[in-house]
Every structure is written in structure tokens, then in C-alpha cells.
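Taking it in order: structure first as C-alpha cells, then the write-up.
Just so it is clear, none of the values below were taken in a lab; they were calculated from the coordinates. Only a predicted model underlies this, so the values are computations on that prediction, with no experimental measurement involved. So basically every Cβ, Gly included, is an ideal-geometry build from the backbone, and we count neighbours across all protein chains shown.
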Amino acid sequence: MTEAVHTRRVFSGIKPSGGLTLGNYLGAIKRFVDMQGQGFETVYCVVDMHAITVWQDPTELKHATRELAAAYIASGIDPDQSILFNQSQVSAHAELGWIFNCVARVGWMNRMTQFKDKAGSNAEQVSLGLYAYPSLMAADILTYHATHVPVGEDQKQHVELTRDIAAKFNHDFKVPDFFPQPEPIIEGPAKRVMNLRDGTKKMSKSGASDMERINMTDSAELIAKKLKKAKTDPEPLPDNLDDLKGRPEARNLVDIYAALSDQTSEAVISEYAGAQWGRFKPALADLAVDKLSPISTRMAELMDDPAEIDRILAKGADKAAAIAEPILAKTYDIVGFVRSR
């Protein structure tokens with residue numbers, strides 16, 4: 001039997017939980033931009049349904065959804081070249097998510113490390129949505145028969161679960177290759193951007209101090225100040241990456257520079273071998289301001305016209321639905337649902 005040939009299609013999304021950071025930009029959005037025009041059909045989503053797995057103030061959620069869409073566009077996502085929309089406008093996500101809830105096994109969900117990290121000792125009190133959201137993530141991806149998924153290292157397990165769900169569905173319903181086996185794309189020097197005050201912790205909008213992170217809405221002056229004050233150590237930069245082991249803050253700043261300048265971390269080390277921080281940090285600050293300030297300025301302009309953002313998202317949702325609905329209809333037929341319309 002001839003294997004199905006699926007369109008080379010990328011899907012990925014970010015939760016609109018507010019407070020976008022440099023980590024969101026380098027770890028996700030910049031990579032999304034780079035994949036445009038690279039032989040893939042690109043589908044990018046504001047995953048607002050995932051956001052409500054924990055309580056969200058409705059007004060703040062609407063603002064965060066538009067802000068994330070503005071960040072996508074300001075960073076270089078072209079709504080005419082990529083499909084850009086918010087998840088809740090395409091009902092196929094929720095519909096396929098329920099089917100996958102009935103395919104996925106509880107044991108699979110129990111192994112999801114992110115749920116354990118987020119729930120902690122309070123697992124009995126969190127929402128069912130938080131527990132089951134990897135199944136919805138699988139639906140996000142497979143609703144479009146996506147073949148490639150750019151993710152951070154902390155999301156790789158969820159793409160592996162998506163592959164398991166796709167394989168089990170195909171096997172159970174005897175439809176080989178109906179759902180593809182999507183490939184996680186984990187690459188680049190800043191796959192995981194760390195805290196500016198503690199290089200062992202991920203950069204987060206919820207950190208105790210604003211000096212721990214670069215916010216995508218920070219002014220040029222504040223970006224420069226934060227990077228110049230970022231924690232380092234007394235040693236100069238070495239001439240090879242191996243010598244950065246055990247120096248997490250130093251490695252983090254090198255990786256940020258590499259990602260912003262579209263170089264490898266090895267190339268940065270080669271350029272700055274032997275440099276003291278008094279030379280490297282101002283250079284990093286100048287680079288970050290040059291790259292990020294235009295984005296924050298454009299985001300502010302876009303946020304001044306929320307109706308235009310809504311129009312872009314609605315247009316993208318129509319494009320997304322045009323792909324998703326035939327796939328969902330075929331899924332319903334495979335499962336055995338009777339549909340009269």
C-alpha cells in the first residue's frame with residue numbers, strides 16, 4: 001500500500017498568558033518567522049483555549065490575545081504568507097480534542113512531566129483541562145495534518161504524545177497514515193532562554209523581579225540596563241563552549257547574543273574569546289536594542305488598533321478552518337459519527 005503523502009505543514013502556538021518575554025521571542029516567535037518561505041505551509045496560533053486551563057480574567061485574556069498577535073506580526077509573521085489566528089475561532093480544535101481524549105490513555109497523561117511540574121502537590125485541585133491539555137495540543141497539530149512542530153525542549157514530550165495518539169488512532173481505525181507522525185523541531189542557540197539573575201532557571205514573566213527578564217514591551221533604555229546588570233561571574237569568556245560548563249549565566253548571555261545575531265554560540269565565543277564582561281555586555285545590550293526596539297514600537301502601534309488585529313485573526317481563522325474542516329469531517333466518518341450536514 002502506498003503511504004499517504006502529507007503537505008509539508010508547520011503548526012505551532014503560544015499561550016496568551018500576558019507578559020511576553022525575550023524567551024518567547026527567541027524560543028518561539030523568531031523561529032516561526034524564520035520558517036516562513038522555507039518550503040512549508042506555516043500555521044501559527046494564539047492558543048487561547050489552552051490559556052483557560054488555569055483561571056484567566058476575561059478582559060485580560062482578550063488583551064493578552066491581541067498583544068500576542070501583535071507580537072507575531074511585529075516580529076515578522078506575515079498574515080498573507082502564514083495563517084495566523086486564535087484557537088477558539090476554529091471549533092475543529094475542540095471537536096478533535098474530544099476524540100483524542102477517547103484515544104489517549106490515562107497512563108500516557110500521567111507521564112506528562114509538565115503537568116506534574118505545574119500541578120505540584122495540588123494535583124487534586126487543578127482543572128481537568130490542565131490535566132488533559134496535551135490531548136488538545138495533539139488536536140491542534142493534527143487538525144491540520146501538520147508534519148513539523150517547532151517547540152522548546154520542554155514541549156518535546158507533548159509532540160511525542162501527539163505521535164502516539166496519531167499512531168493509535170490510525171491503528172485502531174485501520175487507516176494507516178491518515179494522521180501523520182509530526183516531527184518536533186528543536187534547534188537554535190536559545191532554545192531555552194534563562195533568567196538574567198539565575199542562569200539555572202528559565203526566564204519567566206512570573207519571576208519575582210522584573211530585572212530577571214527582558215519584556216517585549218520594555219523600552220530601549222530598560223533593555224540595555226537589564227542586560228548590563230545581568231548576573232555574570234569574574235572570569236572572561238573562554239575560547240570554546242566546553243569551558244562554559246558550570247557557568248550558566250555566562251552561557252545564557254552567549255546564547256542570547258547568538259540567537260539575536262543569527263550566529264552559532266561557537267561563532268560568538270570565537271569572536272569574543274578572552275573578552276571581559278565590560279566589553280561583551282554593552283555589545284549584547286546594543287544588539288538587543290537594535291533587534292527588539294523596532295518590535296516593541298510596532299507592537300504598540302498595532303495595539304492602538306485592536307479592531308485591525310481582530311480582523312487579521314478572523315481572516316486567519318477562515319483560512320485555518322478551510323484546512324481543518326475537511327480533515328475533521330473525514331475523522332468523523334472514520335470514527336462512525338452520523339452527520340446529516
With Rh as the Kirkwood radius over Cα pairs, the chain has Rg/Rh of 0.99
Placing +1 on each Lys and Arg Cβ and -1 on each Asp and Glu Cβ in the chain, then taking the dipole about the Cα centre, the residue among 159, 102, 24 whose Cα reaches farthest towards the positive end is 102
Hey, got the dipole for the chain? About the Cα centre, +1 on K and R Cβ, -1 on D and E Cβ, debye to the nearest 20? 600 debye
So who's got an amide H within less than 5 Å of the one on residue 202, skipping anything under 5 residues away but keeping other chains? H placed 1.01 Å off N, in plane. 195
What net charge do the residues around residue 262 carry, taking every other residue with its C-beta under 14 Å from that of residue 262, with Lys and Arg at +1 and Asp and Glu at -1? -3
In whole Hz and in residue order, list the ³J(HN,Hα) couplings for segment 311-328 that follow from phi through the Karplus curve 6.51 cos²θ - 1.76 cosθ + 1.60, θ = phi - 60°; x for Gly and Pro. 5, 4, 5, 5, 4, x, 5, 4, 5, 5, 4, 5, 7, 6, 5, x, 5, 5
Hull shadow area, averaged, segment 52-135 [alpha-carbon convex hull, nm²]: 7.3 nm²
Report, in deg cm²/dmol and to the nearest 500, the calculated mean residue ellipticity at 222 nm for the chain, where each DSSP H run with n ≥ 4 adds -39500 (n - 2.57) and the sum is divided by the residue count. -16000 deg cm²/dmol
When the distances between all Cα atoms of segment 101-226 are binned every 10 Å from zero, what whole-number percent does each bin get? 11, 31, 30, 19, 7, 1
Computed over segment 210-301, the relative contact order (Cα-Cα under 8 Å, seq sep at least six) in percent reads 39 percent
Segment residue 98-residue 156, length gained on full extension (0.36 nm per residue, minus Cα span): 18.7 nm
What number comes out for the charge environment of residue 141, summing +1 per Lys or Arg and -1 per Asp or Glu over other residues with Cβ under 11 Å away? 0
For segment 210-301, what is the per residue volume of the convex hull drawn over the alpha-carbon atoms, in cubic angstrom? 83 Å³
For a Förster distance of 51 Å, can you work out the FRET efficiency between the beta-carbons of residue 111 and residue 307, rounded to the nearest 0.05? 0.70
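Note down the relative contact order for the chain as a percent, whole number, built from C-alpha pairs under 8 angstrom at least six residues apart.
Over the chain, the number comes to 22 percent.
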So for segment 158-245, what percent of the C-alpha to C-alpha distances run longer than 16 Å? 71 percent
